[in-house]
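A short write-up of the structure that comes next.
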Amino acid sequence: MPEASNLVMAPRIESEALKRRIEFYRDLGIKTLWTGHIPADSGPSSSPQKQETAPIPDSEIQSDVSAKAIDVVTQDQRIVPIQVNSPLPPMLPEDDNLQRIVQDMGDCTRCRLGRTRQRIVFGSGNPEALLVFVGEGPGADEDEQGLPFVGRAGQLLTQMIDNTAAKEGLPIRRPDVYICNVVKCRPPDNRTPEADEMEICGQFLFRQLMVIRPKAIVALGGTAAKALLDLKTGITKARGQWYKWRDIPVMPTYHPSYLLRPYNQNAKRECWEDLKKVLHFVYD
């Protein structure tokens, strides 16, 4: 076992896929990994509710050793295994495409959302779109049909895209853009996706965006904006401003479901201004 003056992760990895996943988290600046649980024999200080973390090391991770778990060595030398039950595919496979991402997802049950959903809602639209809309997660209608933004909020989004483009003299309609969500399965009761759910599903969103490589992205609502940009401010302050995700301009704006509320008339006008700005940026 390697010596460790600080927290160290022993280099035992089951697959190249997990190695790439860890490297991806390191590139994002994530310093710790959740180990999932603490074994019952780990000492008197342990409790079922406690979670331990171990930083991702800067040294190169070896991948030539087959194993069933990663051993996390803590300062007191206890070993906490991270079980590898459903390894994620590589973050950036060579010659990646949307069909391959769908195949890699399979009948995904990597997080708890897979146990309650009816259908995976991957995305829809032009696979070579210059503009991508990213929402939060599927609702009941989307879960039933397997398509994003087909309920009331989706109908409003379609009207926003079609009508704004028409008024601005741009020959763009909803089928010309691409629409997807941060998570691909419906959260129960339409609750906000939790951090671990967005983390697991986020790698598929990452690949979608890298395959399409749009000229711009619209983040619909605070959850999508936080997932893409890790914003600390709310959507009200963030909307209407340009940010960047891996060198792709991102415009946060309100989610259409927020605009359906009768008391949000000012928000509708602001969202229309945001969309008009994006459409001219992309298609002029």
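Just to be sure I follow: if Rg is taken over the C-alpha atoms of the range 238-284 and Rh is the Kirkwood radius over the same atoms, what is Rg/Rh? Spell out each step's value before the answer.
Working: Rg = 11.7 Å, Rh = 11.4 Å.
Using only Cα positions, Rg/Rh for the range 238-284 is 1.03.
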Once you place label points 7 Å from the Cα toward the Cβ at residue 191 and residue 145, how far apart are they in nm?
2.7 nm
Can you put 283, 263 in order of Cβ neighbours within 10 angstrom, beginning with the fewest?
263, 283
If each part is reduced to its alpha-carbon centroid, the range 205-284 and the range 124-193 end up apart, in Å, by 12 Å
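Determine one quarter of the surface area of the Cα convex hull of the range 167-272, which equals its mean projected area, and express it in nm² to one decimal. Numbers along the way, then the final one.
Values: hull surface 31.6 nm².
Orientation-averaged projected area of the Cα hull: 7.9 nm².
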Do me a favour and compute the ellipsoid semi-axes for the range 98-283 from its Cα gyration tensor, root of five times each eigenvalue, largest one first, whole Å.
24, 18, 16
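Report the gain in length on full extension from residue 97 to residue 116: 0.36 nm times residue separation, minus Cα-Cα distance, nm rounded to one decimal. Walk me through the numbers before you get to the answer.
Values: separation 19, 0.36 × 19 = 6.84 nm, distance 2.75 nm.
Residue separation times 0.36 nm, minus the Cα-Cα distance, leaves 4.1 nm.
Taking 8 Å as the Cα distance limit and 6 or more residues as the minimum spacing, I'd like the relative contact order of the range 144-284 as a percentage.
Values: 143 pairs, mean separation 32.4, N = 141.
That works out to 23 percent.
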If unit charges are put on Cβ atoms (+1 for Lys and Arg, -1 for Asp and Glu) and the dipole of the range 154-216 is taken about its Cα centre, the option from 181, 154, 164 lying farthest towards the positive end turns out to be 164
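Place a +1 charge on the Cβ of each Lys and Arg in the range 98-283 and a -1 charge on the Cβ of each Asp and Glu, then give the dipole magnitude about the Cα centre in debye, rounded to the nearest 20. It would help to have the intermediate numbers written out before the result.
On the way: 27 positive and 21 negative charges, 63 e Å.
Dipole magnitude for the range 98-283 comes out near 300 debye.
Quick one: which of 197-204, 264-271 comes out on top by average Cβ neighbours within 10 Å, and what's the full order, highest first? Mind showing how you got there, number by number?
Values: 197-204: 20.8, 264-271: 15.0.
In decreasing order of mean packing, 197-204, 264-271 become 197-204, 264-271.
Each value in this text was obtained by applying a stated rule to the coordinates, not by laboratory testing. This is a predicted model, so every value here is computed, not measured. Glycine gets a Cβ as well: all are built from the backbone with ideal geometry, and neighbour counts include every protein chain shown.
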